[in-house]
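Heads up: the structure comes next, in C-alpha cells.
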Amino acid sequence: MRFLLCCWFLLWAPALLAASPLDKVLQSNEPEFLPVEQAFIPSASLSGPRTVQVRVEIAEGYYLYRHQLRFRISEPAGFALGEARLPAGKKKTDEYFGPIEAYYNRLEARLPIAAAPKDSGDKTLTLEFRFQGCADRGLCYPPETVLLPLLPDAAPASDPAETSPAASEASDQGQLALMMEERNFWLVVLSFFGFGLLLAFTPCVLPMLPILSGIIAGSAERESAWRGFTLAAAYVVAMALAYTVFGIVAGFTGANIQAAMQEPWVIIAFSAVFVALALSMFDLFHLQLPSRLQTWLSHHSNRQRGGSLIGAGIMGFLSALIVGPCIAPPLAGALLYISDTGDALLGGSALFALGLGMGAPLLALGAVEGGLLPRAGTWMTEVKRLFGLVLLGVALWMLERILPGRLTTVLWALLALGAMIYLLITVRTNKQVLRYPFALLLLLYAALMLYGATRGSVDPLRPWQAFEARPGVPASRAAFLPVKTAAEVNLLLAEAGRKQQPAILDLYADWCVACVKMEHEVFGDPRVAAALEGVLLLRADVTGNDAEDRELLKTLGSYGPPTVAFFGTDGKERAELRLVGETDSAGFLGRLERLRR
Amino acid sequence: MSALAESTRVVFAIVALVALGAGTAAWWLAKPMDVPRRPDFVLTDLEGRPRAISEWDGKLVLINFWAPWCGPCREEMPMLMQLQRDFGARGLQVLGPAVDERGPVGAFAASLGINYPVFADLEPTLRLQVEFGDTRLPYSVLIDRQGRIVYRKPGLMTRDEIEPELLKHL
C-alpha cells in the first residue's frame, strides 16, 4: 500500500515541478525595481485662485531631478504659469550636468498662475506635468508626462458655512504660507507680529513668565522699570532669534531643533540651571559669571550690567528651544513658506516678528516688575524667596518630561511641604498671621499629592485628581491606539478606509505643553469622546524624537506636535481640516463635524 | 497483498515512470519555446546612416539602452566598452541605442570614446524598448547567435552579473 502511495505521488511530480515557480526564480535573480507609477505618485490641486500646488510622493530610495521638471496648463488654452517655487533639493554633482538637485521622499511645488483668459469660466484646468527620476540602486525612468485635473484644495468655498470663524481656521498654515507669497514684506512682518501677540498667552509662552520674573528678581541691581524692561528686552530678542534660527533650519532641512533639544541630558542640565537660580534666590550662594568673563564683558561693554543682560539673552534663547516647544499655525505656515520657496529672508523675518510679538507682553511684565519690586529690605527678601520657589517649580515641571509620573507627584508634594516649613519657621512678628492659612493650604496640597501618588500620577495643577485618578483610562475620555511608524499608520488607515471608517491621527509629545493641555481639555471632554464614537483614533507619541518619529513627521509633512490629521471614510487625509497648534473642544468638534459631512 | 496486487504494483510503477519522463520532457521542451525572438529593427547611427539589427546576425549581441541624462547608464558604459574589447574577437557585439537627440548623444559618445555602435533615434528607440519589455534605463538585453532573447536586465549591471551569461552563449 505504501508503494502504491509512492507511485501515486510520483505521478504528480512532473506536474508539480512544471507548475513550480522555480523557473521564474532561476530567470529573475535581479532586484526588482518599482514601476514608474509606484515610484512617483504625483497629484495637483488649486491652492487659492491663483496658485497651483503639485505634490509628488516619492518612494524610499528613489529621487526626482529638479532640472527635469516641467509644468504647463494644457487645458483650457490661454493659461500661463509663472516660475515654479521649488524647495531646495539634495545637492548632487553629476558628471554630465554638473551641480544638480534631487528630491527625495516628497516634492511640493507651487506655481503662480501668471495669465488666465478672460472667458475661462469655471472649466476644470488640466496640468501637464513632466518629470524624470531615478533609483539610488542604479536605474532611471524615462521622462514621464502626466495630465492632472486641477481641483480646488478645500471644500467648495461658495458654501456660506465655510466662512464661519471655525472654517476660516482650516488649513491655516497653508493659507498663511500663501499669504506670505502674495503680500508685501512689511505687511507680512507686521501680521506675524500680530500673530505672536495672539500666541502670547498660550501654554507655550506661559512657562516663560516665571523664568523671566526670576531673572529680573534675581538681577544684582534692580533699581528701575527701565532695568526690568532692558532685561526683558534682552530675553525677548534672544527668544525671537531662537525662533528665527529654529525656523530657518527646520524649513531647509525639516529637522526640528526644538524636538531635538528634548534629550534627557538637555532637560536635566536646564533644570539644574533653574535649581541653581532658585538656590541663589535663597541666598545659599551668589550666582556670578566667572571673574575673567566679567572683566572681559565690562571691558567691552563699559557696563557692568552687560553680564546679566547677556545672561537674560541666553536664557531667552534656550527657553524658546527647550521650555515651550509647540508648533502653532503661524509657525508652521512660516516653516512651510521657507521650505517651499527657500526664501529665508522673508521667512526668517516673519519668525523674528512672531517671536517679538509673543514676547511683547513679557516686556510689559519686565517693566512693571522692575518698577514694582521693592528696593531693598525684608520685603525684597520675601519676594526673592517666592521666585526661588517658583523656579524650583519650573525645574520640576521640566523634569516631568523625563521622570515617571508618580515620582514627580511626590516631588510636587515635597516642594509644597518645603514651602510650608519655610513659611512657618520664618514667622517673626505677630503681624504675619496670614501665613498660617497659606501654610495649611500647602499642607493640604502636599497631602493630596502624596495620597494621589499612592494611586498613580496626578497633574500638579489638578490636585483633586487624587480622588478620581485610577489606573487605566476613565470611560468618558477618548482612547487612542498608539502607533509608531509611518508604515503602521498607513496600514491602519488603509484598513479604516476599507471599512469606510473615518480616522484621526494625533501627534503628541510629553514636552509639548499644548498637547498635554489638549489631552485634558479636549480629549478629556465627554462631548468630544462622544463625537469620536466610531472614529479610528491613532496617536503617535513623538516624545523621543527618534528616527521613526522623524520619518513619520516627514511622511505627514508635519513640523511637530501638536498636530491632528483628519482622514475621511476613503482613508485619505482631509488636508484642509488638519489642526496645527492648540485648540479647544469647540474648535475640535467643528472640524469633526466637517469630517463627518 | 494478493497476486493481483503484485501486477497492479508493476503497472503503477511503469505508469509513474512514464509520466515522470513525459512531464520532464515537456518541461524542457516548453522552456525554449518561452524564449522570445528579437524583433527586427532599424536605427540611425551617429553618422546618420540607418543600420539594421540583421547586420549583426550570427553574433552574440548585447543591446544596452541608455541616455546621456541617465547617471547609472553612464556609470556602466566603461564596463561595456571593456566587454567589447575582451570578447569582441570571440563574437560579442555591444550596441548602444540612446533615448535622446543626436546632439547630446554624439557629444557624450565622443567624450567617452565609445568603441561600439551608438544610435540616436529618440522615438523609434522608445518604441523598441517597449517591444523589448521595459522602458527604464539602463536596460540591457542579450541576444544569442540564433536571435533569441536570453537575458534581460533593467538597471545598473555589473560585470559579475553579465559575464557568466556571455560565456554561456559565446
Selection from region A:459-470 of residues that are in a loop (DSSP other than H, G, I, E, B), at pLDDT below 70 and within 29 Å of the chain's Cα centre (by Cα): A:A469
Those helices (runs of 4 or more DSSP H) lying entirely in region A:259-346 with at least 2 residues closer than 30 Å to A:L107 by Cα and either in contact with a Phe, Trp or Tyr (Cβ under 7 Å, 6 or more places away or on another chain) or modelled with pLDDT under 70 (or both): A:329-341
What are the pairs, 6+ residues apart or on separate chains, where a residue within region B:153-170 that is touching a residue at least 40 places away in the same chain (Cβ under 8 Å) and closer than 21 Å to A:C134 by Cα has its Cβ under 8 Å from a residue that is of a type in the set (G, A, S) and surrounded by 14 or more Cβ atoms within 10 Å (Cβ to Cβ)? B:G155/A:A135; B:G155/A:G138; B:L156/A:G138; B:M157/B:S140
Within region A:105-147, can you find the residues that are surrounded by 15 or more Cβ atoms within 10 Å (Cβ to Cβ), more than 14 Å from chain B (Cβ to nearest Cβ) and of a type in the set (D, E)? A:E108
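Considering each residue of region B:67-103, count those that are within 9 Å of chain A (Cβ to nearest Cβ) and not in a loop (DSSP other than H, G, I, E, B), and give that number.
The qualifying residues number 6.
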Please tell me if B:K168 is assigned to a strand (DSSP E or B) and either more than 22 Å from B:E47 (Cα to Cα) or facing another protein chain (nearest Cβ under 10 Å) (or both). no
Being part of a loop (DSSP other than H, G, I, E, B), surrounded by fewer than 17 Cβ atoms within 10 Å (Cβ to Cβ) and under 28 Å from the mean Cα position of the chain (by Cα) is the filter here, so list the residues in region A:72-104 that pass it. A:A84, A:A88
Taking region A:479-513 and keeping only residues that are within 18 Å of the chain's Cα centre (by Cα), outside any helix (DSSP H, G or I) and modelled with pLDDT under 80, one is left with A:D510, A:W511, A:C512
Please tell me if A:F79 is away from chain B (no Cβ under 12 Å), modelled with pLDDT of 85 or more, at negative phi and in contact with a strand residue (DSSP E or B) (Cβ under 6 Å, 6 or more places away or on another chain). no
Within region B:134-149, work out how many residues are within 12 Å of chain A (Cβ to nearest Cβ) and in contact with a Lys or Arg (Cβ under 9 Å, 6 or more places away or on another chain). 5
Tell me which residues, restricted to region A:34-57, are in contact with a Lys or Arg (Cβ under 8 Å, 6 or more places away or on another chain) and either within 14 Å of chain B (Cβ to nearest Cβ) or of a type in the set (F, W, Y) (or both). A:V36
Exactly one condition in (1) away from every other protein chain (no Cβ under 14 Å); (2) surrounded by 12 or more Cβ atoms within 10 Å (Cβ to Cβ); (3) within 36 Å of the chain's Cα centre (by Cα) is false for A:L69; which is it? (1)
Do we find that A:A540 is without any contact (Cβ under 8 Å) to a residue 60 or more places away in the chain and in a strand (DSSP E or B) in this structure? yes
Unmet criterion (only one of (1) away from chain A (no Cβ under 11 Å); (2) in a strand (DSSP E or B)) for B:R152: (1)
For region A:511-528, name all the residues that are buried (at least 18 other Cβ atoms within 10 Å of the Cβ) and over 17 Å from A:S558 (Cα atoms). A:V513, A:V516, A:K517, A:M518, A:E519, A:V522, A:F523, A:D525, A:V528
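The values are calculated or read from the model by the stated rules, or taken from the named source; none is laboratory data. A quick note: this is a predicted structure, and the numbers were derived from the prediction, not measured. Every residue, glycine as well, gets a Cβ built from its backbone with ideal geometry; the counts of neighbours run over all protein chains shown.
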